[in-house]
Amino acid sequence: MNICIVAGARPNFMKVAPIVHAIQRAAKEGKDINFKLIYTGSEDDPTLEPSLFDDLEIARPDMYLGVDCENLNELTGQVMSAFEKYLDATPTDVVIVVDDLASTMAAAIVTKKRGVCLAHLVAGTRSFDINMPKEINRLVIDGLSDLLFTAGIGSSSMATRGGTDNAQVYMVGNILMDTLRLNHGKEQRPAVSDDLKDGEYLMFTLNRKALMANEDNLKIMLARLIESAQSLPIIAPLRGAAAEVVEACLPADAEGFKIINPLTYLEFGYLMEHAKGVITDSGNVAEEATFRQIPCITLNSYTEHIETVKVGTNVLVGEDAELLGNSVSGMVNGQWKKAGIPERWDGRSAERIVQILLDLRR
C-alpha cells in the first residue's frame, strides 16, 4: 500500500507525525505499507523552524510543491497543478489530507479526479458559517472523501448529517494527543525569564485575522485581560503580524504582558504544560490544553471540537471583553470547572488509522 500524506501548514505536521510513526512500525512488522510525505509549501518556509522535524522525530518531507501565495483561489489552482504532476509520477493507493486549508481542498479534488482513495484526517468539523472560507473547504473535502477520520462523536455526527455513509466514518480520536503522548517528558523550558515560576503565569496566543482586524475591540480585550490577571505575568509567543498588532494594542501600563519570539514545538509544550492557564484563539491549543488538563479560554464563539468545552478544560468567550475578564479572574483564583479527557483522546489514533487502512486492503 502506497500512502501519500499531504501537509499544507506547520500545524499539520503535529497531526501527521503519529501516522508516519505508525506506518513505520507496521512496515517493520512486515506489513506491505509505505508512505511519502508531501508539503504544499516551500522548503524555506519561515514557519518551519529547523528543529520542528527533530522534535516530532520525523524526516523532512519527501517533496515540496513550492506553492506560496496569499490569494486562496490562486493557491488552490497552483496546488492542484503541482499535486497532479506528483500523482502522475508516483504510484499512490491512498492520499491522506489534513484539516481544512485551501491546499487541503486542492489536493482532495485532484485525488478524486484521479480515482485514488481519499482519507480526511480531522473530518466532520463545522462552524456553520458559510462565509468562512474554511467552512467551504470542510464541506468539499468531507463530501469527496472515501474515509473520514473524526476526533469525536460530535464530528462523526456532523459527517453523517452531511450525507456521508456511516461505513465511511471512523471515530479514531484526536491525533494531536498521539504527538503529546510521544513527547511527554521531552518538553524544553524556553529561555523566557529566569524568575518565571512554573504555575505562576498565563500563556497567551493569537492568530485569527478577524480578531486582529478589529483593533479597537482588541485593545479593550487586552486591557481587561491584564487587569483580571491581577499582576500575574502573561507570556505571549507570537508570530509576525500578530506580534505587531498586539504590541500596538497593549495599554501603556502593560509591564506584565511579555511578547516573546515564536517557540519551538517542545518549548511551546513546556510553556503550556506549566502555565496556570491559557488564553488563545487556536483550536489546536485548546485541544492540547484539555489533554494536559490546563484551564483554557478560547477567544472565539465556536470550537471545531466541542468536546473541549463539554468534557475538557475549555470555555468560549468570543470577542467579549467582559466575559474574558470574568473568566480570567476565575482562572487566576483557581475557580475552574471540573474536566476530563474526551473519549479516544488516548494517544492511539494513528494506530487505529493505519489498521483501518490495512484492513480495507485485504
- What pairs come up if the first residue lies in the stretch 86-111 and is within 12 Å of D142 (Cα to Cα), the second is of a type in the set (F, W, Y) and open to solvent by less than 10 Å² (accessible area, probe 1.4 Å), and their beta carbons are under 7 Å apart, counting only those six or more places apart or on different chains? none
- In the stretch 241-256, what residues are over 18 Å from T47 (Cα atoms), surrounded by 15 or more Cβ atoms within 10 Å (Cβ to Cβ) and among the hydrophobic types (A, V, I, L, M, F, W, C)? V245, V246, C249, L250, A254
- Task: Please give the number of the condition V95 fails out of (1) open to solvent by less than 40 Å² (accessible area, probe 1.4 Å); (2) at pLDDT 95 or above; (3) not in a strand (DSSP E or B).
- Result: (3)
- Message: Could you check the stretch 189-233 and list, in sequence order, the residues that are in contact with a Gly (Cβ under 8 Å, 6 or more places away or on another chain), outside any loop (DSSP other than H, G, I, E, B) and open to solvent by 60 Å² or more (accessible area, probe 1.4 Å)?
- Response: E227
- Leading residue by the ranking (most open to solvent (accessible area, probe 1.4 Å)) among those in the stretch 319-329 that are more than 26 Å from the chain's Cα centre (by Cα) and within 21 Å of A275 (Cα to Cα): N326
- Which one is surrounded by the fewest Cβ atoms within 10 Å (Cβ to Cβ), of the residues in the stretch 105-126 that are assigned to a helix (DSSP H, G or I) and of a type in the set (V, I, T)? I109
- Among the numbered criteria (1) surrounded by fewer than 16 Cβ atoms within 10 Å (Cβ to Cβ); (2) more than 24 Å from P133 (Cβ to Cβ), which single criterion is violated by N73? (2)
- Exactly one of I23, I19, I58, I5 is part of a loop (DSSP other than H, G, I, E, B), closer than 21 Å to R352 by Cβ and modelled with pLDDT of 95 or more, and that residue is I58
- Message: Can you find a residue that is open to solvent by 60 Å² or more (accessible area, probe 1.4 Å) and at pLDDT 95 or above anywhere in the stretch 276-287?
- Response: yes
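The values are calculated or read from the model by the stated rules, or taken from the named source; none is laboratory data. This is a predicted model, so every value here is computed, not measured. For neighbour counting, all protein chains shown are included, and Cβ atoms are generated from backbone atoms with ideal geometry for every residue, glycine included. Protein only, heavy atoms only, side chains kept; ligands, DNA and RNA dropped before computing areas. Shrake-Rupley method; radii C 1.70, N 1.55, O 1.52, S 1.80 Å.
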